[in-house]
Amino acid sequence: FNLNQAGLVANIIRKDAEPGLVTLNFGYAYTMRSNLNQNGLIRGISNRGSMADYWADISTGLFKEELYDYVADADLAFWAGLIDTLPGYSRQYGSIFEYYGDSDVADYGQTVRRLISNEGSTSDHSFSIGGNYSNKFYFGLTLGISNIRYTSHYEHLETTGEITPYGLDNFNYALHYENTGRGFSAKLGLIFKPVEAVRLGLAVHSPTMYRINEYVHDNITSAYTDGDKFDFKNEPSRYSYGLTTPVRLLAGLAVQIGKIGLVSADYELVDYSSALFSETGDGYDYSLKNEAIRNNLRRTSNIRLGAEMRYNHLYFRGGYGYYGKAF
């Protein structure tokens, strides 16, 4: 069961007299921004390659003693006998299906089964207060709590069947990943009506300041026709860091043309290069990541135009949007 949206609004002040505060409302809303649940199963015969070939490729250029530090999953494959250095080379690798380079012909045809199971969501809790002052100024303030919850489990199994390069019967690689986080933000908006038909709007959306926790562990098993079995795993890794998203500045104009129609324009300014990673106690230096953000992302503008026309009982609506590139 997934609840996508829920909310309530309570009126605190309501009066007909002007000038002064005419209405004041409090609201709460829950919104699920994305549903990350996904399951998949892939099964078939591979005649062109193996995941072991991938591990051999990403290990190229590294001594076997360096694999754990740079490609930890390939290090598991090495100890499980799925990859090894090529004859006469210490930093080039071949897979067991390629007979570690001893043969010009690879033996494929194994059965591949891949299971993917993802679950989680991103959601927001919003607490808002808004009011109307003299039917000229409309204001609103929202405090938001954003939640991230994501779990992914991945398993890859290859069974050789009749094809048994170096006696390999099967291997299974499993990867488990968890991501949880919470962020806080604020939004402030103001609408001014100089005359009844014109509305001017300004808004500021503060950065969302997240604290994110990640957990990952993986393991590999391999079995051979002579009865040998290997089971290796990497130590679970935990990471915690802060992420601050860019501030957003918005402005809008809407003009009502009698009872005939309405035209509107909205402008949004976002500086994506201001996004920032930060450490949360482990002392990790994010300066290189933040420098890459500043060098590769940029400030951009988004423009939205809209119009509505009424003809008797018919309404016609149209719009145009321009969204600048963050890269």
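All but one of (1) part of a strand (DSSP E or B); (2) touching a Leu at 6+ places or on another chain (Cβ under 9 Å); (3) more than 24 Å from Val71 (Cβ to Cβ) hold for Ser146; state the number of the condition that does not hold.
Result: Ser146 fails condition (2) only.
For the stretch 79-122, which positions are acidic (Asp, Glu), in a loop (DSSP other than H, G, I, E, B) and buried (at least 17 other Cβ atoms within 10 Å of the Cβ)?
Within the stretch 79-122, Asp107 is the sole residue that qualifies.
Quick check, is Leu250 aliphatic (A, V, I, L, M), touching a residue at least 24 places away in the same chain (Cβ under 8 Å), on the phi < 0 side of the Ramachandran plot and buried (at least 16 other Cβ atoms within 10 Å of the Cβ)?
Here the answer is yes, as Leu250 does meet what is asked.
Quick check, is Phe184 in a strand (DSSP E or B), more than 30 Å from Ser50 (Cα to Cα) and at pLDDT 95 or above?
In short, yes.
Of the residues Tyr210, Tyr239, which single one is under 22 Å from the mean Cα position of the chain (by Cα), of a type in the set (Phe, Trp, Tyr) and modelled with pLDDT of 95 or more?
Tyr210
Looking for something free of Cβ contacts under 8 Å to residues at least 24 places away in the same chain and more than 28 Å from Ile212 (Cα to Cα) - is there at least one such residue anywhere in the stretch 303-311?
Looking through the stretch 303-311, at least one residue is free of Cβ contacts under 8 Å to residues at least 24 places away in the same chain and more than 28 Å from Ile212 (Cα to Cα).
Mind checking whether some residue in the stretch 247-269 is in contact with a Ser or Thr (Cβ under 6 Å, 6 or more places away or on another chain) and among the charged types (D, E, K, R)?
no
Mind checking which residues of the stretch 183-204 are surrounded by fewer than 16 Cβ atoms within 10 Å (Cβ to Cβ) and under 37 Å from the mean Cα position of the chain (by Cα)?
Listed by number, the residues that qualify are Phe184, Ala186, Leu188, Leu190, Phe192, Leu200, Leu202, Val204.
Restricting to the stretch 205-242, count the residues that are of a type in the set (Asp, Glu), part of a strand (DSSP E or B) and surrounded by fewer than 16 Cβ atoms within 10 Å (Cβ to Cβ).
Final tally of qualifying residues: 2.
Go through Ala17, Ala10, Ala29, Ala56 for me and flag whichever is among the hydrophobic types (A, V, I, L, M, F, W, C) and assigned to a loop (DSSP other than H, G, I, E, B).
Residue meeting the stated conditions: Ala17.
So how many residues does the stretch 250-296 have that are under 20 Å from Tyr210 (Cα atoms) and of a type in the set (A, V, I, L, M, F, W, C)?
So the answer is 7.
Restricting the first residue to the stretch 74-102 and requiring it to be in contact (Cβ under 8 Å) with a residue 24 or more places away in the chain and farther than 15 Å from Tyr54 by Cβ, which pairs with a second residue that is surrounded by 22 or more Cβ atoms within 10 Å (Cβ to Cβ) and polar (S, T, N, Q) meet a Cβ separation below 8 Å and a spacing of at least six or different chains?
Gly81/Ser222
Taking Tyr215 and the conditions (1) over 21 Å from Ala74 (Cα atoms); (2) under 18 Å from the mean Cα position of the chain (by Cα), which numbered condition does it fall short on, given that it satisfies the others?
(1)
Return a yes/no flag: does the stretch 50-72 have any residue that is within 20 Å of Tyr224 (Cα to Cα) and over 32 Å from the mean Cα position of the chain (by Cα).
no
I need a count of the residues in the stretch 152-176 that are among the hydroxyl-bearing types (Ser, Thr, Tyr), on the phi < 0 side of the Ramachandran plot and not in a strand (DSSP E or B).
2
With the structure loaded, tell me whether Gly40 is of a type outside the set (Asp, Glu), modelled with pLDDT under 95 and touching a strand residue (DSSP E or B) at 6+ places or on another chain (Cβ under 8 Å) or whether it fails that test.
Taking the combined requirement at face value, the residue does not satisfy it.
The values are calculated or read from the model by the stated rules, or taken from the named source; none is laboratory data. What you see is a predicted model, and the numbers here were worked out from it, not measured in a lab. No Cβ is skipped: glycine too gets one built from the backbone with ideal geometry, and neighbour counts run over all protein chains shown.
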